[in-house]
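First the structure, in the form of C-alpha cells, and then the observations on it.
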Amino acid sequence: MSEALYVGVDVGSSATKCVIIDETATLVGHHVNHSGFDYADAVDMSIRRALRQAEGTLEDITRCVATGYGREHVKMADRQVTEITCHARGAREWYPQVRTIIDIGGQDTKVIRLSEEGRMVDYRMNAKCAAGTGTFLESTAFKLGLSLSALDELAMASSEQAVLNSYCTVFAGTEVIERIKAGQRREDISMGLFRSIAARISEMLSARSDAVAVTGGVAAHCRAMVKALEEMLETEVWLPPMPQHAGAYGAALLAASQEDTQRRSTSHVTHR
Amino acid sequence: MATTIKRVEIESRRELSELMRDQFLSLDAAARDSQRKVAWCTSVGPCEILSAMGFEVYFPENHGALLGARRLSHEFIPRAVSIGYGAESCSYMNSDIGSTLMGHSPLQDVFGIAGPPKPDLLVYSTNQCREVQDWWSFYGQRDGAPVMGVCPPTHLGEVTPEQVAFVRGQLEQLIERIEQQFSLKLDYDRLREVVTLSSRASTLWRQVLDTATAHPAALSFFDGVIHMAPVILMRGTQKAIDYYETLLNELNRRVEKGTGAVPDELHRIYWEGMPIWPKLRELSEKFYDLRAIVAASTYCNSWAFDEFDGDDPLEWMARTSIEIFINRDEPVKQRFLIEMFDKFAIDGVIFHNARTCPNNTNSRFGMSERLREELSIPVLVIDGDLSDVRFFSTAQTMTNIEAFIEQIEELQR
Ligand code: SF4
C-alpha cells in the first residue's frame, strides 16, 4: 500500500492513542496502549500497531500531528496541537452539528463550545485537581476494590437519585464510607460518583446546548458517565463510535487538512 | 548547560540592576545607622510623606515577589502557616513572614545584605487589601515598631470630593502621629517636591507602557514587571525619573525601528491579575514561541497615576490612592479594561485567578464572562498564584495558553 497516510497521535497521561486516515479521510488504522513510564516507547508502539492495521509503512506517512499531555514525545510530528483543538475537530467530524464537547480524560476534563460554523468560541479545563476527572473515579473505585467497569456495572443497576456531594477525591472516599455505614446500596453510591463528576462538569458549561458530545476514555468505558451527564444536562449526550480516539482522530484530520500546512515552532520549555 | 534566553533584551536593564543594588545597600546602611530611620510602606501607600520626613522607605511586597521569582516561597510558607496564618492567605505575606522566622532572605544572595531592613515604623494603606494590615502587625509586634495606617473607602464607583477629603484627613492624622512619635515636623514644601517627583516618574512610566501600543509592541508584560521596580521602590526620587527617561528613549528607538519585544508578533494579549512570579520565564518563553505579545496588563498600570498639578500634594495623594483599579467597583474596572483592550488592540484576554490574592483577581464575580459576551473577545481564566507554586500546574496552564492561541487563530482565519 503506498497511498498517503495522515497520522494523529494523542499522548495522554494514562493512554496513548493513534489514528491513521487516508486521503479520503477514511479511518484505516487505530490503536491504544498504556502511556506507562516511557512515552517515546508508547508512541512508537501505538504508531506501529495502527500502521499495521492500515497496512502501511512509515514511508507512507505524509504528515503527523501530535497532541495530548505528552505531545512533545512524538518525534515524527510535523506539528503539535493541543488536545482541546483536536477533540473539537474529531467530534465535529462525527457530529457536524455538535456545539458542546465534553472530554473526560485521566487527569483533566475539558468542555469546549463551538459556534454554528464549528469554530471554537470558548473552552474550559478543570482546575488543577482530580475533581471531575477519570482519576477521581479510578482512585475511588480502587479504594472500593473495584475495577472501573465493575463500578460502571453497579452504577447502571442503581435505582435511586443519590449524588455524592464531594468533588474532592479524598473527601469522596470518606463520604463513600459514611454512606456504606448508613446502609446505602452499593449501586446507588456508585452512580452517585458519576453524578458528582457530572455536577462538576455542569459548572464548566457557560452555555447550555442540545448538541452535546462526550469524548475520552471515561466515556468510552462507562455507560454510567453518559447517563449521569444526560440527567444533569437534561439532554441526550452523543457518544461517538471511538470516544477515546477523538483527540487522535482530530489530530489526523488536522494533519490531512490543507489549512494546516503552516508550521509553528514548538516550545522548548520543559513541562514539569 | 547553556540556555538560550528567548527575549529581546532591554539594554537599560543593566542600569536598573545598579539602581536596585544602590537602593538596597542604602536601606541596609540606614537600618544599621541609629541616626537614620527606616519605614516600611505598602506599594500604593503614602510613601511620599515618609520620604519627605526623612525616612528610608522599604516595600515588603517586593520581597514577597522576589521570594516568588526565586522559587523560594513554598519553603517558607509552611512556617507561617504553622503559627496560624492560613495556607490560602496572601502568599507574599506568608512567605515573607516565613522567611523572617527561618532567617533566610534572597536579599542575602542578590545584594549581599543581611535581609530586609528592620523597621522603625510600619505604614500601610488598605486601598489594596486588608492583608497588609495583618502582615505589618506581625513585624510591629516582633520589632516593637509602631504600625500606622490609612483605611480609605473601598470598591468605589465614581470617586467623590467627599471621599478624597476623608482620605486627605486621614493622611493629616497620620502625619500628626508620625510627628509626635518621632519628634519630627513635616516640611510641606519638601512634600510638594517629593510628590512632584513621584508624579513625574509615574507619568514617564505610563509613557513607557504605552510604547506597547505600537505594532509590534516595544515591550511586553514580562519586561514591564521587571522595569516597574523604580516606580514603586524609588517613587519620589530623581533616580526613578532619570531611569525612566533612559528606558523611554530606548523603547522609542525600538518603536521607530519597528523592533518588537516578540519578533514577528502575531497576537496581542492582555494580562489581568498578578504575575505568576515563579513561572515568569517559562510563561514569557511560551508566549514568545507562540508569537504572542502580552502587550498590556492591569498590574503594570497600577502605578501609572494622574499628573500632579502642583497645588495640594495631600489631595493628590488621597485622590490617586483611592482612584487605583484595585480599589474600584466592578463597573469601573470593566470600563477600564475595555478601554485598555481598545488602546492596545488586544486579541484575547487572560485572567489570572490567583489563589491567595482575591484582591487582584477579577474573574470571581462574572467579569470574564461579561467581557466575553459583550465584546466577543476570547477570554481565558488560568488558575495559579502570584508566588505559591503549589497552586500552579505548568502542563495544564501551558496547554491552556496554547489552546487559547489556537482559538484566536481559528477566529482570525
Ligand atoms: S494585594 Fe494581594 S498580594 Fe498584595 S498584599 Fe494584598 S493580598 Fe497580598
request  = Filter the range B:357-378 for residues that are within 14 Å of chain A (Cβ to nearest Cβ) and within 16 Å of the ligand (Cβ to nearest atom) and give the result.
outcome  = B:T361, B:S363, B:R364
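Can you pull out the residues in the range A:110-132 that are under 20 Å from the mean Cα position of the chain (by Cα) and more than 11 Å from chain B (Cβ to nearest Cβ)?
A:V111, A:A130, A:A131, A:G132
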inquiry  = Any residue that is open to solvent by 30 Å² or more (accessible area, probe 1.4 Å), more than 14 Å from chain A (Cβ to nearest Cβ), within 16 Å of the ligand (Cβ to nearest atom) and not in a helix (DSSP H, G or I) - is there at least one of those in the range B:211-224?
reply    = no
remark   = Among A:G192, A:G132, A:G173, A:G118, the single one that is in contact (Cβ under 8 Å) with a residue 24 or more places away in the chain, open to solvent by less than 30 Å² (accessible area, probe 1.4 Å), outside any helix (DSSP H, G or I) and more than 17 Å from A:G217 (Cβ to Cβ) is A:G118
request  = Could you grab me the full set of residues in the range B:94-118 that are within 16 Å of the ligand (Cβ to nearest atom) and either assigned to a loop (DSSP other than H, G, I, E, B) or hydrophobic (A, V, I, L, M, F, W, C) (or both)?
outcome  = B:I97, B:P116
request  = Sort through A:V28, A:V74, A:V19 and tell me the only one that's hydrophobic (A, V, I, L, M, F, W, C) and either open to solvent by 20 Å² or more (accessible area, probe 1.4 Å) or within 14 Å of chain B (Cβ to nearest Cβ) (or both).
outcome  = A:V28
key: Any chance B:F341 is open to solvent by less than 40 Å² (accessible area, probe 1.4 Å) and within 14 Å of another protein chain (Cβ to nearest Cβ)   = no
key: One residue from B:A145, B:A80 being more than 16 Å from the ligand (Cβ to nearest atom) and touching an Asp or Glu at 6+ places or on another chain (Cβ under 9 Å)   = B:A145
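Counting only residues that are among the small types (G, A, S) and in contact with a strand residue (DSSP E or B) (Cβ under 7 Å, 6 or more places away or on another chain), how many does the range B:180-224 have?
As a first pass, look at the range B:180-224 and keep what is among the small types (G, A, S): B:183, B:198-199, B:201-202, B:212, B:214, B:217-218, B:220, B:224.
With the extra rule that they be in contact with a strand residue (DSSP E or B) (Cβ under 7 Å, 6 or more places away or on another chain), the set shrinks to B:212, B:217, B:220, B:224.
Summing the residues that are among the small types (G, A, S) and in contact with a strand residue (DSSP E or B) (Cβ under 7 Å, 6 or more places away or on another chain) in the range B:180-224 gives 4.
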query = Within the range B:185-206, can one find any residue that is part of a loop (DSSP other than H, G, I, E, B) and either within 16 Å of the ligand (Cβ to nearest atom) or open to solvent by 30 Å² or more (accessible area, probe 1.4 Å) (or both)?
reply = yes
query = Checking B:H74 against (1) in a helix (DSSP H, G or I); (2) within 14 Å of another protein chain (Cβ to nearest Cβ); (3) within 13 Å of the ligand (Cβ to nearest atom), which single condition isn't satisfied?
reply = (3)
remark   = Those residues of the range B:45-66 which are more than 15 Å from the ligand (Cβ to nearest atom), of a type in the set (G, A, S) and surrounded by 21 or more Cβ atoms within 10 Å (Cβ to Cβ) amount to B:S51, B:A52
inquiry  = of a type in the set (A, V, I, L, M, F, W, C) and without any contact (Cβ under 8 Å) to a residue 12 or more places away in the chain: is that true of B:A29 in this structure?
reply    = yes
ask   = Of the numbered conditions (1) farther than 30 Å from B:D388 by Cβ; (2) surrounded by fewer than 23 Cβ atoms within 10 Å (Cβ to Cβ), B:H267 satisfies every one except a single condition; which is it?
value = (1)
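From B:L19, B:L27, which residue is within 24 Å of B:N94 (Cα to Cα), more than 14 Å from chain A (Cβ to nearest Cβ), away from the ligand (no atom under 16 Å from the Cβ) and touching a Phe, Trp or Tyr at 6+ places or on another chain (Cβ under 7 Å)?
B:L27
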Where B:S73 falls short, out of the listed (1) crowded, with 21+ Cβ neighbours inside 10 Å; (2) under 28 Å from B:E323 (Cα atoms) = (2)
message = When the residues of the range B:379-396 are narrowed to those that are buried (at least 24 other Cβ atoms within 10 Å of the Cβ) and not aliphatic (A, V, I, L, M), which ends up nearest to the other protein chains (Cβ to nearest Cβ)?
response = B:G384
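The values are calculated or read from the model by the stated rules, or taken from the named source; none is laboratory data. The shown structure was predicted, so the numbers you read here are calculated from the model rather than taken from an experiment. Note: ideal-geometry Cβ built from the backbone for every residue, glycine included; neighbour counts use all protein chains shown. Protein only, heavy atoms only, side chains kept; ligands, DNA and RNA dropped before computing areas. Shrake-Rupley method; radii C 1.70, N 1.55, O 1.52, S 1.80 Å.
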